[in-house]
Every structure is written in structure tokens, then in C-alpha cells.
Amino acid sequence: MSNIRGMRGFLASSIGVTCAAALVLPLAPSVAAAPMRPAPTAEAATAPGERPAPGHTDSLPLTALPATRATPTSPAAREQGLPPRDVRRFSLVGVIWDDPDAELHGRVEVRTRATATGTWSGWQDLETHNAEHAADPGTAERTSGRVRGSTAPLWVGDSDGVEVRVRADQAQDPFANPLPSGLRLELVNPGQEEPSRPAGRAAAPQDTPATTMTAETAAASAANAELAPLGALEIPELTPDRTREELFALRGAELTEEQRARPYIGPRPRIVTRRGWGANESWREKKFVYTKKVKAAFVHHTASGNGYKCSQAPSVIRGIYRYHVKSMGWRDIGYNFVVDKCGNIYEGRAGGVAKPVLGAHTLGFNTHSMGIALLGSHASSKPSGAAVKAVARLTAWKLGLYGANPRGKTYLKSGGGNLYAKGRNVRLNVISGHRDGFATECPGWQMYRKLGTARSTAAELQGR
């Protein structure tokens, strides 16, 4: 144990310091004209001792559909897509294009064939306005040359057939190029988790030795070295007294006299680590990027539908992570935290859950903030009480580390967006919805109207 602690401390010092969203929608009744085939045998679960199946992404270029090719009176094709086809197994689908600043004015629809039954879904829409979830303009992540425009991804479950059509808005100039260039369909298989790992439950120390981890996995884990052992699958919750002790240990030299006298902070909640939800650390960029503090929290929803089981949440998160990095060209998953409907909290972007990690969640306001995404769809469906309570518990703790009052207001400088010009100081709630910083429907009206409850509960948990 002393060797593990010593290694943990070494890694912490040498490495640790160094509403776009997935949709989970119920399948519509099968289309009468859809091709059918006998249902295959369901894939067996990974047996103990087996290596988990790795994930993959298949990227397929879209082409003009036969009935919509360019003509002398309409020189630019107004519809692209793919006819029905067999593909490798996937669970999440999205459409990307070359220019991240280009907007797709139109409609993107897909239908998929379920592996278990061999039946096709009805047509389902992909959200085309995804730019509000992004790194701030001018940052290294945004100007890397790898970032692409994209729809939100759609979680469809285990599938092996797909058809897609992208239709331009009829109001667009028919002689202009109505669709962005380089349209591609991304089919994401998030891969399996390691065998015998219940979602979010920590294994015994002997089950997670440092010698079995890659350097990238060890680095991501070491960023939380002050909170949990190296290789931990979760960061356990703490009592209020232990949390205050941890506050002084983590930030004692930076605390004001008032914070020392009255440390307003909620008890640390249980958080599933990146290793706990099965993040492949080789996908992301190696270095971590930080801001100086956390002044505000932006709440999102992933518009993912509410029919998923909480045991499936790690797979959905891995799918979003892979889409953000491999398809959209981001350095890591955009959100700092994800919360499922059962109230489980998951570590998002790597760098340490107690640290001010720079995310890519709220275009223009990523600096000095954190992004929390509810895994669900809350435009018309109410979020679960467990999810709202989890947001309150998480913000009470994380904002408390930086002396922020969940009921208060703060100022953030805009990095540029469609609501506030770059450089403008904007007064915002310390706990804000995504729509407060960008013109978007996120986090859905039903979640947005619960933010008052989350603020009050978080403040009470802090002892205010």
C-alpha cells in the first residue's frame, strides 16, 4: 500500500498538474417497406477474464440522392444521404461536415435496424444546431484544424443497418450550396466495459493495480490522487466534517479569512471516475488544460431520451466521448460532469474533478465555469428528483471549493457567441442553464424550471 501511495503522489506531482447531445429515442414501429432478415443471436456478454471488445467509428461519405441531383434550374443538390445498407455494429450515429463554422440549414433523418430483432425503426431526427456546445473561439482546441461541424449524436442502441437523408431548407437559395461540404455519416460503437465491473462500483485495491494501467489511464487517475487511490473506479462520498477537512487540505492557502471562519461547502458526493465508466484514455489529448477558478456551473441536458437503463449510462457516455473526440475533433469529451436519471454522477473531461478543468460545453463561457450534462431529454419531460438532487449535491461541493454561493450572481467575460459579444462582462446566476449563455433550448424547459430548486438545495447543503 505504501508503494501505491508513493506512486500515486509521484504521478500527482509529475502528471496531475501538468444541449450537443446524444439522443436515446424509443424505436418507432417497423416500416412496412423496410428490408427484413431473421433476427441474429444476441451477442454474448464478455466472459470473466476476456478482454473487452474495443470500440470503433465507421465514417461514410454522403452523396446526392438520385432524385435530387443538380439540374440547370437547381444547380446545387438539395438532398444527400445513404440508401439502406448493412454495416458493422454500432449504437450511436451522427453527421459531420468539414467547416465547424458552417451551419446546416435543413433536416437530418436516420433510421436504423436493431441487431436483436432485425426490424427497422421509423425515421428519427438528429438535432442540427450543435455549435453551442464547443470550445471558445480563438482557443487552441477550437483552432486546432481538427474540429468539424456536426449534428448532435443519436443513441439508437445495438444496430447493424442504417439509412440516412439530409434535406436542405427549401427557403435557401437554390443556386447557392444549400448543404455544408464534406457530409459524412458517423457510426459509433462505444465498445464494451471491462468484465466483472458493475457500473460505478469501486473494485478492491488488488483488482486495480497501477501496473495494469496505461500511462494515459494512470495520468487521468492521478489527477484525482488527493481524493481517491490510483486506479479507483469511484471517488466516495464524504461526511460534511471530512469534506471541510479536505477543503483546507486542497485549497487552504487560497482561502479567505471568511472562508476559513465559515467554510460554506456541501459534502462531497460519490463520483464515478473515467476509469469507472470505461473511458479509453488513448483517444483524448494527453495534456490537461485548466482555468484559474470555478465561478459558475452551466447545466445542460443531452436530449438523450429517458428510456435508458442507468446500467446503460456508461455506454452512452462512451459513445458521446468517442463522437466528441474522433468525429468532432475535440480534445476530450466536452462536459465536466454527466448525471444520469438515477442520480449517479460521472467524471467528464479529464484533469481532476476538484480542479478547474477547461471544458467545451458552453460556447463563449467555458473559462471559469464547469458544465454538467443530464443524461436525458427534458424539453417536455421532467427530470427525475434524483437527477436534480445530484446537480445540487455536485454544485454544493464543487462551487464550495471555490467559495461560490449557489444562490448568488457572478460575472463571466464572454468569449464570443450568439447572445453576447466577445469581451462583454455578463452577469449570470452562479448556477445557470445553457440557454443563459447561448441562444439554445438546452437544458430543456422542464430542467430549466428546476434550476431554482437546485440552487436552493445546493445553498442549504453548503450551510447557507
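The values are calculated or read from the model by the stated rules, or taken from the named source; none is laboratory data. Predicted model, so just to flag it, every value in this text is computed and none were measured. All Cβ positions, even for glycine, are placed from backbone atoms using ideal geometry, and neighbour counts span all protein chains on display.
If the requirement is being outside any strand (DSSP E or B) and crowded, with 21+ Cβ neighbours inside 10 Å, which of these qualifies: 394, 412?
Going through 394, 412 in turn, the sole match is 394.
When both residues are 6+ apart or on different chains and their Cβ atoms are under 6 Å apart, which pairs have a first residue that lies in region 92-120 and is in the same structural domain as residue 155 (by TED's automatic domain parsing), and a second that is of a type in the set (Val, Ile, Thr) and assigned to a loop (DSSP other than H, G, I, E, B)?
Listed pairs, sorted by first residue: 94/151; 95/151; 100/147; 104/128; 108/128; 108/151; 120/31.
Those residues that are farther than 28 Å from residue 424 by Cβ and not small (Gly, Ala, Ser), I need them from region 334-367; list them, please.
338, 339, 340, 341, 342, 344, 345, 346, 347, 353
Given the criteria surrounded by 24 or more Cβ atoms within 10 Å (Cβ to Cβ), assigned to a strand (DSSP E or B) and among the aliphatic types (A, V, I, L, M), does residue 297 qualify?
It is true that residue 297 is surrounded by 24 or more Cβ atoms within 10 Å (Cβ to Cβ), assigned to a strand (DSSP E or B) and among the aliphatic types (A, V, I, L, M).
When you check residue 219 against the structure, is it over 30 Å from residue 57 (Cα atoms), in the same structural domain as residue 396 (by TED's automatic domain parsing) and not in a strand (DSSP E or B), yes or no?
Judged against the criteria, residue 219 is not a match.
Restricting attention to region 242-284, which residues are among the aliphatic types (A, V, I, L, M), assigned to a loop (DSSP other than H, G, I, E, B) and surrounded by fewer than 21 Cβ atoms within 10 Å (Cβ to Cβ)?
If the condition is that a residue be among the aliphatic types (A, V, I, L, M), assigned to a loop (DSSP other than H, G, I, E, B) and surrounded by fewer than 21 Cβ atoms within 10 Å (Cβ to Cβ), then 255 is the only one that fits.
If I ask for residues that are under 19 Å from residue 299 (Cβ atoms), touching a strand residue (DSSP E or B) at 6+ places or on another chain (Cβ under 8 Å) and not in a loop (DSSP other than H, G, I, E, B), which ones from region 320-352 would you list?
320, 337, 338, 339, 345, 346, 347
For region 277-304, which positions are among the small types (Gly, Ala, Ser) and closer than 22 Å to residue 157 by Cβ?
Of everything in region 277-304, those that are among the small types (Gly, Ala, Ser) and closer than 22 Å to residue 157 by Cβ turn out to be 278, 279, 303, 304.
Among the residues of region 273-311, which ones are within 14 Å of the chain's Cα centre (by Cα) and hydrophobic (A, V, I, L, M, F, W, C)?
277, 279, 298, 299, 303
If you scan region 408-458, which residues turn out to be of a type outside the set (A, V, I, L, M) and either in contact with a Ser or Thr (Cβ under 7 Å, 6 or more places away or on another chain) or not assigned by TED's automatic domain parsing to the domain that holds residue 386 (or both)?
Across region 408-458, the qualifying residues are 415, 420, 422, 423, 424, 434, 437, 438, 444, 446.
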